[in-house]
Amino acid sequence: MDGTRAILEEAVQAGTQRIVYTSTVGALGLPKDGSPGTEDTPVRLEDMVGPYKRSKFLAEHVALELASRGAPLVVVNPSAPVGPWDIKPTPTGQMVVDFMRGKMFATMDTGLNLVHVRDVARGHLLAAERGRIGEKYV
């Protein structure tokens, strides 16, 4: 959270014309009735499972608070990106690799949404170009 605040404040002081802060869909709320959530679905810190989601949720709030004070900032909330050049791979990429190699021995009932990394990049560019200050975009 402190690192996010420091970097974003420096970007504002430097006169950055547009800031696109990358959060995650994991920081968004899930409707109790099982319907799809949106950027506006209510959510609380207590709803965040694990340190990754908690830290992203808190850092997103730092970003939105700066936007409310005039920072030229929009937030993007991508879901799980997959695509070429995931050389490490990421945990999501490893899941795909394991599946393709026949090593996935179980399934889970989850709302995991995979998105091509090119579409995530395109979404960031569109948010920079057309996003409204202080808004979030899945």
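The values are calculated or read from the model by the stated rules, or taken from the named source; none is laboratory data. What you see is a predicted model; the values in this text were computed from it and never measured. Every residue, glycine among them, receives a Cβ derived from its backbone with ideal geometry; neighbour counts consider all protein chains shown. Heavy atoms of the whole protein, side chains included, go into the accessibility calculation; ligands, DNA and RNA do not. Shrake-Rupley method; radii C 1.70, N 1.55, O 1.52, S 1.80 Å.
Table for the structure above
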| item | result |
| --- | --- |
| Checking residue 97 against (1) within 18 Å of the chain's Cα centre (by Cα); (2) of a type outside the set (Phe, Trp, Tyr); (3) open to solvent by less than 100 Å² (accessible area, probe 1.4 Å), the condition it does not meet | (1) |
| Scan of segment 75-100 for residues that are within 21 Å of residue 59 (Cβ to Cβ), assigned to a strand (DSSP E or B) and without any contact (Cβ under 8 Å) to a residue 60 or more places away in the chain, ordered by number | 80, 81 |
| Which numbered condition residue 104 fails, given (1) surrounded by 15 or more Cβ atoms within 10 Å (Cβ to Cβ); (2) more than 24 Å from residue 37 (Cβ to Cβ) | (1) |
| Residue among 63, 6, 59 that is surrounded by fewer than 17 Cβ atoms within 10 Å (Cβ to Cβ) and not in a loop (DSSP other than H, G, I, E, B) | 6 |
| Segment 101-113 residues that are part of a loop (DSSP other than H, G, I, E, B), paired with ones that are open to solvent by 80 Å² or more (accessible area, probe 1.4 Å) and at pLDDT 80 or above (beta carbon under 8 Å, 6 or more apart) | 111/30 |
| Single unsatisfied condition, residue 30 versus (1) without any contact (Cβ under 8 Å) to a residue 12 or more places away in the chain; (2) not in a helix (DSSP H, G or I); (3) not polar (S, T, N, Q) | (1) |
| Filter result for residue 36 (in a loop (DSSP other than H, G, I, E, B), within 23 Å of residue 132 (Cα to Cα), of a type outside the set (Val, Ile, Thr) and open to solvent by 60 Å² or more (accessible area, probe 1.4 Å)) | yes |
| For residue 71: the one exception among (1) aliphatic (A, V, I, L, M); (2) within 27 Å of residue 13 (Cα to Cα); (3) part of a helix (DSSP H, G or I) | (3) |
